[in-house]
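Heads up: the structure comes next, in C-alpha cells.
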Amino acid sequence: YLKISKIALAFAIIHSKPPGKSSKEYTEQLAKTVSERDFGWKWKVEVLEAEVLRLRQELLLNRICPRFCLENNTSAENLLDRESINPTSYSSQLEDSGCDVSSNSAFDSLGIASDFHQSEHNVNTSQEWLENVPAFNLCYNSKEQSLTAPVQFLKHLLEIRKLSERGILQTDFSELDNDSFTICNSVSQLLDGLTVFYKSPKFPVSNCLTEAVCVLIRLITDNKLSNHVLKKCFKKLEEFEKNLIQIILRNSSVNRFQELHSVSQTLVLLGRNHILRNSLISLLLSEARQFAEQLLQAHQVQSVYNITQYENVFLLCMILEQLLQNETEESNVSSSDYEGEEKIKFLKNLDQIILHLSDEFPLFSLYLWRVSVLLNSAQMQ
C-alpha cells in the first residue's frame, strides 16, 4: 500500500508540475510549502501552550495563597520584603582574558555567587508583586527572554513562601502536590533556558540570566519548597547537571576559562542541596574515573589522547574537591561522609592508575590523589 501510494504521489506531481520546471524542483517547492505550514502551526501551538502554562501558574499561586490576604490589618508596605538583585558591572571581566583563577572571585566569572549572596541580604520594601502576576512574554526574541516566564513564577512562589514563614500570609503549599504539571514545566523551562545559554554564552551577561540562577538556587535550598521540587523534578535536575558537566568537558574555545568557571560555580551552588550534592558527586566521580582509565590506556599503548578533555577535567576535580570539603547546611556533617557505588568504583585500582600516570601526568595524578583522600577522610579520622 505504501509503495502504491508513493508511486501515485510521484505521478500526480509529474502530471501537475508547471511548464519550465523539473519534477525535482517542483517536489522541493511543494515540500517547502508544506513544511512552512507545519512550522506555522507548531508556532501557534507553542504560543497556546505557553499561555495555558501562564494561566496554570496564576491559578496555582492563587490556590496556595488566595488573594494574598494579609493578617492583623498590618500595612503591607511595612511588612513585605521583596528580594532585589542589583545590576552588576561586567566591564572589568571583559577586559580580562578570563585566565586568572587564583581567587574565589575569579572562580565566579559571571558574578553568580556574589549576586546570590547579595539577593539574600539586599531587600527592598514593595508590594507590586502582590497586586498581580505580570504578563509573561509568549514570543521569545532571545534566549534571555525565554527565561522570563519561569523566573517570574518561581520568584513569586519563593516570595509567598518567605512571607508565609514570617506568619504574614496564610498559605497551603500542599497544592504543589496536587499540580505537579505546573511546577515541573516551570522548572524544566528554567533549566532548558540556562542550558541553552551555557552552551553559547554571551558577555556581558544580562541581569535576567543572573537572576535565573539565583532563583534556581533559592528554590533548591529552601527547606520546604525543595522537597516538592526534588520529588517532581529530580530527573530533570540531574539531566541539567549532566549537561553542565559535558559542556565543561567538551568546550574547546581558545579563551574558555571565563565560560567554564561560570558553569562550575553553578554546579557548586547546586551542591548546596544535599540530595543534589550526592547525585552531583556521583556524576563527577564517574567522569573523572572514566577519563583516568582512558588516559591510562592511551599512555600504555602510546596513542593520542584528547588534550581538550585533559585540560578541562581539572575543573571537574576542583568542583569535586569543593563539594567534598563543604559541610551540608542541614546537618553540619562533613560531605566527606559521602557513600555510593561511584565512590567504590573510583577508589578501585586508583593507586595503580596514579602509579602509572604520575611520571607523565603528575598534576592530574595529584588531583586524583587529593580527591581520594577527601573520599576516605571519614574513615581515616
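Name the single residue, out of those in the stretch 270-284 being open to solvent by less than 20 Å² (accessible area, probe 1.4 Å) and in contact (Cβ under 8 Å) with a residue 40 or more places away in the chain, that is nearest to the chain's Cα centre (by Cα). Reasoning before the result, please.
Within the stretch 270-284, the subset open to solvent by less than 20 Å² (accessible area, probe 1.4 Å) is 270-271, 273, 276, 279-281, 284.
Imposing the further condition that a residue be in contact (Cβ under 8 Å) with a residue 40 or more places away in the chain reduces the set to 270-271, 273, 276, 279-281.
Numbers: L270: 9, G271: 12, N273: 14, L276: 12, S279: 14, L280: 12, I281: 16 Å.
The qualifying residue nearest to the chain's Cα centre (by Cα) is L270.
The combined condition, being assigned to a helix (DSSP H, G or I), closer than 30 Å to P150 by Cα and either open to solvent by 70 Å² or more (accessible area, probe 1.4 Å) or at pLDDT below 85 (or both), is not fulfilled by E58.
For the stretch 84-98, the criterion of a residue being surrounded by 10 or more Cβ atoms within 10 Å (Cβ to Cβ), at pLDDT below 50 and assigned to a helix (DSSP H, G or I) is satisfied by at least one position. Contact annotation: residue pairs with Cβ atoms under 6 Å, 6 or more positions apart or on different chains, pairing a residue in the stretch 13-41 that is assigned to a helix (DSSP H, G or I) with a partner that is open to solvent by 60 Å² or more (accessible area, probe 1.4 Å) and not polar (S, T, N, Q), are S23/I14; S23/K17; Y26/K17. Determine, yes or no, whether L163 is at pLDDT 85 or above and buried (at least 19 other Cβ atoms within 10 Å of the Cβ). Answer is yes for this residue.
This table checks each residue for (1) open to solvent by 30 Å² or more (accessible area, probe 1.4 Å); (2) touching a residue at least 12 places away in the same chain (Cβ under 8 Å); (3) not charged (D, E, K, R).
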position	(1), (2), (3)
G193	no, yes, yes
E211	yes, yes, no
V215	no, yes, yes
N227	yes, no, yes
L249	no, yes, yes
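Within the bounds of the stretch 195-213, is there any residue that is closer than 13 Å to C233 by Cβ and within 11 Å of the chain's Cα centre (by Cα)? Explain how you work it out, then say what you get.
The first filter runs over the stretch 195-213 and keeps only residues closer than 13 Å to C233 by Cβ, leaving none.
The answer is no; no qualifying residue exists.
Being under 20 Å from T221 (Cβ atoms), of a type in the set (S, T, Y) and either over 21 Å from the mean Cα position of the chain (by Cα) or in a helix (DSSP H, G or I) (or both) is a condition met by no residue of the stretch 285-298.
Counting only helices (runs of 4 or more DSSP H) that fall entirely inside the stretch 329-381 and contain at least 1 residues that are modelled with pLDDT of 90 or more, more than 30 Å from the chain's Cα centre (by Cα) and aliphatic (A, V, I, L, M), the qualifying elements are 350-357. Residues in the stretch 252-269 that are of a type in the set (G, A, S) and either in contact with a Gly (Cβ under 8 Å, 6 or more places away or on another chain) or in contact (Cβ under 8 Å) with a residue 12 or more places away in the chain (or both): S252, S262, S264.
Which residues, taken from the stretch 1-54, are under 30 Å from F181 (Cβ atoms), among the charged types (D, E, K, R) and open to solvent by 100 Å² or more (accessible area, probe 1.4 Å)?
Filtering the stretch 1-54 down to residues under 30 Å from F181 (Cβ atoms) leaves 37-54.
Filter again for among the charged types (D, E, K, R), leaving 37-38, 42, 44, 46, 49, 51, 54.
Hits for the stretch 1-54 are R37, K42, K44, E46, E49.
The values are calculated or read from the model by the stated rules, or taken from the named source; none is laboratory data. As the structure is a computational prediction, the values presented were derived from the model and not from experiment. Note that each Cβ is placed from the backbone with ideal geometry, even for glycine, and that neighbours are counted across all protein chains shown. The protein model used for the area step is the full one, side chains on, heavy atoms only, and it has no ligands, DNA or RNA in it. Shrake-Rupley method; radii C 1.70, N 1.55, O 1.52, S 1.80 Å.
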